[in-house]
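Written below as C-alpha cells is the structure these notes are about.
Please treat every number below as a calculation from the coordinates, not as lab data. Keep in mind that this is a model prediction, so the values were computed, not measured.
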Amino acid sequence: MYAVMTPESLGSDDLIPPPSPDLLRRYGTSDESLRRLSSRHHQTLVHRTSSVDDAAFAHRDARIEALAVAEGHDGVVIDLGIPRVVEERASDVSLSHATQWYVADYAELANRTLSTVGLAAFGLPEIVVAEVDQSQPAMAGAVLAGLVHRLIAEWPANDPVGRASVTLRDIAYGLGDAQAAQTPRDRSVEVAVTYDPERQLLDVRMLDDPATTLFAP
C-alpha cells in the first residue's frame, strides 16, 4: 500500500493518517522529502492484494503506479509498509535493485545484529543477521543486499532456508549498480539461513569473512 501525497486533491482524499516525520526519518527519508511532504496534505491510496506467487510483481506495479501519479501531480509517495518516502522515479523501479524494497535497520547493531523491514510485502519473513562485525556494518549491509536480491528473485519457487552463496554480482544487483550484469560472480560469501517459527524471522549467519572472500586482492 502506498500513499500519494499531493498539494491538490485528486478527487477524494483517503483518510489514513500518514506516518510521523520522526518515523519516516528513522527509515531513511531525506530532509528534502520531508520538506516537500509538509506542504502536501491530500492523500490518494494505491494498493494491491495478491497471492504469494505474484506478490513481487504486484508490489512493483503498485509502486510504479503510485510514482506515476505523483510525477503527474507534484506529489510525494510514501511506502506505508516500511514506512518511508519512495525517492526513485517510476522509470527506475526494479525488483533486482533490492535496497528499493527494504530498509536495513541498524538499531540493534550494539547487539551485533542487523535486520530488515519491508520483506513482509513479498510474503517473506524479515531477516535478522547475527554476529555482525560492529567495525564493518557496511560490509554486512552489502551482503544483506545481495541476499535479499536473491530471495526476491527466487521466492517462492525456492525455499530460502539452508545454505546460500551470495556473490559479488548479487551484491551489485542488490545495491543498484548499473554495471551489475558485468560484475564477476566468482567471489562469494557463504551464509546459513534458518527459520525461527516463534519470531517468524529468517536468522542469517555469515560463514565467511566477506572482507576476505569478496574483496581481498
For this session: Output ³J(HN,Hα) for region 91-108: one whole-Hz value per residue in order, computed from phi by the Karplus curve 6.51 cos²θ - 1.76 cosθ + 1.60 with θ = phi - 60°, and x for Gly and Pro.
Result: 5, 9, 5, 8, 5, 5, 7, 4, 5, 5, 10, 8, 10, 7, 8, 8, 4, 9
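If you take the C-alpha gyration tensor of region 2-91, multiply each eigenvalue by 5 and take the square root, what semi-axes do you get, largest first, in whole Å? Don't jump to the answer; show the numbers that get you there.
Details: eigenvalues 81, 48, 30 Å².
The answer is 20, 15, 12 Å, longest axis first.
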Seminar exercise, completed: Check: C-alpha center region 1-36 vs C-alpha center region 131-208, spacing in Å is 30 Å
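Which whole-number percent is the relative contact order of region 127-176 (Cα, under 8 Å, 6+ apart)?
Numbers: 33 pairs, mean separation 23.3, N = 50.
So the answer I get is 47 percent.
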Problem set entry | Global form of region 98-213, assessed from the alpha-carbon gyration tensor, a/c cut-off 1.5 | rounded
Seminar exercise, completed: Once amide hydrogens are built 1.01 Å from N within the peptide plane, the residues lying 5 or more places from Thr113 or on another chain with amide H under 5 Å from its amide H are Val132
Seminar exercise, completed: Labelled set (i) 1.00; (ii) 1.15; (iii) 1.06; Cα Rg over 2.2 N^0.38 Å computed from this model equals the value at (iii)
Exercise. If contacts are Cα pairs under 8 angstrom and at least 6 residues apart, what is the relative contact order of the chain in percent?
Worked result: 17 percent
Seminar exercise, completed: To the nearest 10 degrees, the tilt of helix 137-154 (Cα long axis) against the first principal axis of the alpha carbons of the chain is 80 degrees
Exercise. What is region 2-91's relative contact order, in percent, from Cα pairs under 8 angstrom and six or more apart in sequence?
Worked result: 45 percent
